[in-house]
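The values are calculated or read from the model by the stated rules, or taken from the named source; none is laboratory data. Keep in mind that what you see is a predicted model, and the values were worked out from it rather than measured. As a convention, Cβ positions derive from the backbone with ideal geometry for all residues, glycine included, and neighbour counts pool all protein chains shown.
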Amino acid sequence: MCSRRVPGFAFLLACSMPLAAAAHQAGQMDMAAMDQGPSLGASAAFGPDGRLWLATARDGHVQLRHSDDLGKHFSAAVDVNRTAEKIDAHGENRPEVSVLPDGTVSVAWTHPLAKPWTSEVRFARSIDGGESFSKPITLSGNNPNGSRGFATLAVAGNGEPVIAWIDNGDVNTPKIPGKPHAASLFYSWSNDGGKTFGAPRRMPGHSCECCRIALVREPDGRVAALFRGVYGDNIRDHSLAVLDTDGKPDDPARVTFSGWQVAACPEQGPGLAIGSNGVMHGVWYEAKNGPAIWYGQLDPGHPPKHVLKIGGPGASHADVAAHGDSVWIVWNQVNAKGYQLLERTSRDDGITFSAPRVIAESKVAVYSPQLLLRDGRAYTAWNTADGFRLIALHGAAGKAP
């Protein structure tokens, strides 16, 4: 398995090759075997007041800290789950944090169960500014043989939390040769600030079993999901869908058409940003003709527009953000000396981009970068084995239409 936990740079470079990048056989990740202690998996979010929140995992607890000076100093960590339990915060799994307009802090994570390959999605919230959290609830059902994880949070236009995850089904169900892949995207939402959630809904079609999901709010307030789908005989392109919360049928559409065929999971989920003008900016990884990170403006049911190769061998885990006519892309780049965090910027809504620019470096292991917006400015959240960094990108965003 290609993993950011492996320190050898030569091995990481090998992981960028098409076959080695396929981290698992077409099955589920053994989430019950994850080690405890500090993990690199982390997510960050700005609250409506500009406070930065950071979710990490350590010693069986999801931990939350906050900063009021853009990451220079953080509060003491608060345990989200009072009772220790296994937390998967490796690979594409990470604790997720989001903040509602009223200040409610929502946290979700993957909890490995007793049997190999089994796990469930957990959720808790704080209504007192992160001082304490509700008792965790399980959102993905109570099947001890289920394999569910890679939870992602978003906030809909009505101020309510929406959550999506990958469901690999029952691990006791044998695979049937020639049948479609079993994994699917599931999602749920709350109408009471995260106190309760509705029954999970399955998105039609099939998804990659261990690539993260990108969730973004559209200008009309609905939440859109970009995820790696599985088409035909293990063609791993991407699908985009609106997560409907009012009873309408879901209708995912294919948005990349590389035709990359691989019978395993690359552990390389996409990134998505939607401008106020409705333009959908996507970044994704594929390796049909060699490992590469790509950018394009997504057009459901059609090939993307303004496609640009962002990075080649050694490039991984890109993210994208947009505001006004500005678009930012960041990604990890590994070489023989260590890791670099690279960035490219567009000031014309993704038509052209600046040359790649190194904005940070690390000689120790790193996690996937995450782009955040605050007051029209872009920041990159980057967790490393030496600690968390929040890196401001040059220049304010273009004026929103």
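Numbers for the structure displayed
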| read-out | value |
| --- | --- |
| Qualifying residue in segment 221-230 (condition: under 22 Å from residue 333 (Cβ atoms) and either of a type in the set (Lys, Arg) or exposed (fewer than 15 other Cβ atoms within 10 Å of the Cβ) (or both)) | yes |
| Residue check, residue 276 modelled with pLDDT under 95, closer than 24 Å to residue 373 by Cα and either polar (S, T, N, Q) or crowded, with 19+ Cβ neighbours inside 10 Å (or both) | yes |
| Criterion: at pLDDT 95 or above, among the β-branched types (Val, Ile, Thr) and surrounded by 19 or more Cβ atoms within 10 Å (Cβ to Cβ) - qualifying residue of 307, 330, 364, 358 | 330 |
| Only one of 104, 110, 138, 152 that is in contact with a helix residue (DSSP H, G or I) (Cβ under 7 Å, 6 or more places away or on another chain) and within 29 Å of residue 75 (Cβ to Cβ) | 110 |
| Matching option when the condition is farther than 22 Å from residue 167 by Cα and in contact (Cβ under 8 Å) with a residue 24 or more places away in the chain, among 312, 269, 205, 290 | 290 |
| Unique match (being over 20 Å from the mean Cα position of the chain (by Cα) and aromatic (Phe, Trp, Tyr)) among 187, 231, 285 | 231 |
| All strands (runs of 3 or more DSSP E) inside segment 290-401 with 1 or more residues being β-branched (Val, Ile, Thr) | 292-299, 302-311, 315-323, 326-335, 338-346, 357-362, 377-384, 387-392 |
| Top-ranked residue of segment 241-264 - restricted to ones that are in contact with a Lys or Arg (Cβ under 8 Å, 6 or more places away or on another chain) and not in a loop (DSSP other than H, G, I, E, B), ranked as farthest from residue 198 (Cα to Cα) | 261 |
| Checklist (1) surrounded by 17 or more Cβ atoms within 10 Å (Cβ to Cβ); (2) of a type outside the set (Ser, Thr, Tyr); (3) over 21 Å from residue 215 (Cα atoms) applied to residue 141, failing item | (1) |
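Per-residue answers, yes or no, for (1) closer than 20 Å to residue 223 by Cβ; (2) of a type in the set (Val, Ile, Thr); (3) buried (at least 18 other Cβ atoms within 10 Å of the Cβ); (4) at pLDDT below 95:
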{"residue": "94", "(1), (2), (3), (4)": "yes, no, yes, no"}
{"residue": "100", "(1), (2), (3), (4)": "yes, no, yes, no"}
{"residue": "113", "(1), (2), (3), (4)": "no, no, yes, yes"}
{"residue": "136", "(1), (2), (3), (4)": "no, no, yes, no"}
{"residue": "150", "(1), (2), (3), (4)": "yes, no, yes, no"}
{"residue": "174", "(1), (2), (3), (4)": "no, no, no, yes"}
